[in-house]
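Accompanying notes for the structure given below.
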Amino acid sequence: MNQQWHWQTVEQHSYLTCDLLDHWQHGFFSQKSYPQTPEHLTSVLQSQTTAFRVKQVHGNLVLTPQEMAATLNREDERQLAEADSVISNVSNQSVWAASADCTPILIGDLATGQVCAIHAGWRGTAQKIVAVAIARFIESGSQKSDLRIAIGPAISGKMYQVDEYVAIEVGRSIISNSQEPQDVLNELQQLANSPISNDDAPGKVRLDVPKVNQIQLEQLGIDPQQMAIAPYCTFKDSDDFFSYRRTGEKKVQWSGIVAK
């Protein structure tokens, strides 16, 4: 889990890359690229690629560009398919996810070159969107051992105060034996690498959503060495990232990766 992350600068754009994804052109862009969209940002990563993004709705739907096109009204070029993840189906496609405090996840398959971008908020995480994405890779012929996964900048567990019911809903995605809400909370607190911590306010806890996604991946049989979590917090690192929790502004940064 100690993979290296690096800041890159191209023109006015500043973005993070992860060693695990060196096989692909990719970037977790900072707030400095706002308000530019993936249609422009993809040229920063690699010229002559087509960018694909969705209207994010805090669910667990993972679509290919072909599936996205099938859901749209061709008379409205501005319309976006509703989903929270895009997985490539041919080479030279760039796939993108937007985030402010939610967790952006980029995945690549070393053998096939296929890539995926995921927006994992707490709701999508509770619905195991990362597991759905892994299943799509497997359907396409991937082997889990060939996957490389970078979990990008998000609000950290130390800063993300949530109601207990939110932690319980998310916790059910990794705690399978307990059904009663308090039992789920207790089991989460007893985990060796617990994704929740105490909060001074009654009925509140702190929730580490990136860590929950990591645990979900490990429960799927993904080796921890195949994944890395960015050592940045969107709430605290105000010079680099937007945070809805910090400012209440609906501004996002984009994360994208180009298929081989």
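Observations
- The lone exception for Val86 - which of (1) under 21 Å from Glu249 (Cα atoms); (2) among the β-branched types (Val, Ile, Thr); (3) in contact with a Cys (Cβ under 8 Å, 6 or more places away or on another chain) it fails: (1)
- Picking from residues in the stretch 148-183 that are farther than 24 Å from Pro224 by Cα and modelled with pLDDT under 95, the one that is least open to solvent (accessible area, probe 1.4 Å) is Ser178.
- For Glu249, the test of being of a type outside the set (Ser, Thr, Tyr) and part of a helix (DSSP H, G or I) is failed.
- Test: Leu63 is buried (at least 20 other Cβ atoms within 10 Å of the Cβ) and free of Cβ contacts under 8 Å to residues at least 60 places away in the same chain: yes
- Filter pass, Ser197 being closer than 29 Å to Gly27 by Cβ, of a type in the set (Gly, Ala, Ser) and surrounded by fewer than 22 Cβ atoms within 10 Å (Cβ to Cβ): no
- For the stretch 13-49, a residue qualifies if it is open to solvent by less than 80 Å² (accessible area, probe 1.4 Å), over 25 Å from Thr247 (Cβ atoms) and in contact (Cβ under 8 Å) with a residue 40 or more places away in the chain, and the qualifying residues are Cys18, Asp19, Leu20, Leu21, His23, Trp24, His26, Thr42, Leu45, Gln46, Thr49.
Here's the yes/no breakdown for (1) modelled with pLDDT of 95 or more; (2) within 21 Å of Ile105 (Cβ to Cβ); (3) touching a helix residue (DSSP H, G or I) at 6+ places or on another chain (Cβ under 7 Å); (4) not hydrophobic (A, V, I, L, M, F, W, C):
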site: Lys32; (1), (2), (3), (4): yes, no, no, yes
site: Pro35; (1), (2), (3), (4): yes, no, no, yes
site: His40; (1), (2), (3), (4): yes, no, no, yes
site: Thr49; (1), (2), (3), (4): yes, yes, yes, yes
site: Lys55; (1), (2), (3), (4): yes, yes, no, yes
site: Val62; (1), (2), (3), (4): yes, yes, yes, no
site: Pro65; (1), (2), (3), (4): yes, yes, no, yes
site: Ala69; (1), (2), (3), (4): no, no, no, no
site: Glu77; (1), (2), (3), (4): no, no, no, yes
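- The residues listed here are Ile222, Ile175; of these, the one that is in a loop (DSSP other than H, G, I, E, B), in contact with a Leu (Cβ under 8 Å, 6 or more places away or on another chain) and without any contact (Cβ under 8 Å) to a residue 60 or more places away in the chain is Ile175.
The values are calculated or read from the model by the stated rules, or taken from the named source; none is laboratory data. Being a predicted model, the structure only gives us computed values, none of them experimental. As a convention, Cβ positions derive from the backbone with ideal geometry for all residues, glycine included, and neighbour counts pool all protein chains shown. All accessible areas refer to the heavy atoms of the entire protein, side chains included, with ligands and DNA or RNA removed. Shrake-Rupley method; radii C 1.70, N 1.55, O 1.52, S 1.80 Å.
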